[in-house]
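Worksheet: one structure, shown below.
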Amino acid sequence: MVLPFQTLPDSKLPLVGTTIFTVMTAEARKHGAINLSQGFPDFDPEPELLAALARIITQPVHQYAPMAGLPRLREWIAAHHRHHYAAAYDPESEITVTSGGTEALYAAITAFVGAGDEVICFDPSYDVYVPAVELQGGKAIRIPMHSPQFSFDWDAVASALSPRTKLLLLNNPHNPTGRVFTKADLQALRQLAARHPFLILADEVYEHMVFDGRTHLSMAADPDLQSRSLVVGSFGKNLHITGWKVGWCVAPAPLTTEFRKVHQYLTFSTATPLQEALVSYLEPCGEAALSGLAAFYQQKRDRLANLLSGSRLRRIPSAGTYFELYDYSAISDLNDREFCLKLVRENGVAAIPVSVFYADSIDSRIIRLCFAKSDTTLVQAAERLSVL
Ligand code: PMP
Ligand code: GLN
């Protein structure tokens, strides 16, 4: 269609194209490849959850839900935080159900970041963060994590703090590196917080995918940091339902008040039948719904790693999330984007090039593989990757 203007209005995101997840999933479909790129399970959620949805859908659940979310779902989220983090959040004033973690992140950034404000985040950074900050006129200060340790560099954060720093955007467990916070990370963060009034936006959507006996160190669990944090979670990750797009944001009441001012105009509320189905499923089983998740995904991580142990891909072990990084420098000199395009077209496996998550596209010849897949998928993918 031809536009009725000579020139387009200026783009608000001139450097942004289509997300790598969309691009690689489309490539996977086009080439009939196994999709280990975009993070989503290729297996079904629990039958009881699907039964709850089927039961609910014939009930009168088809009008707007309350703006902050169904009260009973907020009660469950409150109990979840009490159980795991000994954290007290008031469902009435401190918990908001959102349309996925993505909406929660966007609403939080919109609520608190204004023109000229600085937001510190770690690269490789999840693709939502920087555009959301820039759309508010803010500036992302991106601290690189370097291969192969990918540690969080708190000295660099300390140097980056300025009177304009509004927010620290922390993703723990970290996508795509699989790093998780240690006690030393928390200690360093506490020390910074003691001398600077930044807010924390904690993207903890992978909270229950933490491996090898580690504990998830949530901002919600830390009395010093909780009071300045908005913590984001996702039922999509916890219950293998990424397509439902239901998540939450928990934060002290004054922060939640501001958060809801944006949420109410962004989506107003989240799909009622999905919230009802979650309540119906989660209330009887409580936390048991999530209790096996870490062991389940650890087994999948290890299965893929074992299957690839004879290959020329070198594993960079993941401590959390459902992703693991693999170094392919023994296989190819191509940059990671070209390598992934070749891989999907010629070898039938889709992966994510890690350089796309860096401000300056640092390319360390590393790809991200998603292991949230059936064992059959993992075996087939590994067969194709082992001949490289
Ligand atoms: N943060 C990170 C780090 C993610 O990987 C994802 C996955 N999509 C999200 C947030 C968004 O979660 P949701 O699918 O619930 O919007
Ligand atoms: N979080 C998912 C990933 O990292 C992708 C979600 C999306 O496609 N936006 O793969």
Any idea how far the Cα center of region 372-388 sits from the one of region 205-233, in Å? 32
Net length gained if the chain between Cys285 and Ala115 were fully extended (0.36 nm per residue, minus Cα distance): 56.7 nm
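About its Cα centre, how strong a charge dipole does region 135-210 have in debye, to the nearest 20, once Lys and Arg get +1 and Asp and Glu get -1 at the Cβ? The partial results should precede the final answer.
Numbers: 8 positive and 6 negative charges, 63 e Å.
Here region 135-210 has a charge dipole of around 300 debye.
Of all the accessible heavy-atom surface of the chain, with the other protein chains kept in place and a 1.4 Å probe, what percent is carbon and sulfur? Present the calculation step by step, with values, prior to reporting the outcome.
On the way: 8900 of 16670 Å².
Of the solvent-accessible surface of the chain, carbon and sulfur hold 53 percent.
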Give me the distance in nm between label points sitting 7 Å out from Cα along the Cα-to-Cβ direction at Ala88 and Glu338, one decimal. 6.0
At the level of C-alpha centres, the distance separating region 104-157 and region 7-81, in angstrom, is 23
At most 10 other Cβ within 10 Å, DSSP loop - chymotrypsin sites (Phe, Trp or Tyr not before Pro), region 59-107: Tyr64
Can you tell me the order of 42-55, 135-148 when each peptide is scored by its average per-residue count of other Cβ atoms within 10 angstrom, highest first? 135-148, 42-55
In whole Å, what are the Cα extents of region 123-163 along the three principal axes, biggest one first? 32, 26, 7
Where the chain is the region considered: accessible area per residue in Å², 1.4 Å probe: 43
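Return the loop-located GluC sites (Glu not before Pro) in region 77-146 (DSSP other than H, G, I, E, B) with at most 13 other Cβ atoms within 10 Å of their own Cβ; answer none if there are none.
Of the GluC sites (Glu not before Pro), the ones in loops of region 77-146 whose Cβ has at most 13 other Cβ atoms within 10 Å are Glu92.
Full-extension gain between Ser329 and Leu13, please, as 0.36 nm times their residue separation minus the C-alpha to C-alpha distance.
Details: separation 316, 0.36 × 316 = 113.76 nm, distance 3.27 nm.
Full-extension gain reported as 110.5 nm.
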From the convex hull of the Cα coordinates of the chain, what is the mean projected area in square nanometres? 20.7
Per-q log10 I(q)/I(0), region 208-282, q = 0.13, 0.14 Å⁻¹ (Debye; single scatterer per alpha-carbon; no solvent): -0.52, -0.60
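The values are calculated or read from the model by the stated rules, or taken from the named source; none is laboratory data. On a predicted model such as this, the values are computed, not experimentally measured, just so you know. Here the Cβ is made from the backbone with ideal geometry for all residues, glycine too, and neighbour counts use every protein chain on show. Heads up: the accessible areas ignore ligands, DNA and RNA and are worked out on the full protein's heavy atoms, side chains in. Shrake-Rupley method; radii C 1.70, N 1.55, O 1.52, S 1.80 Å.
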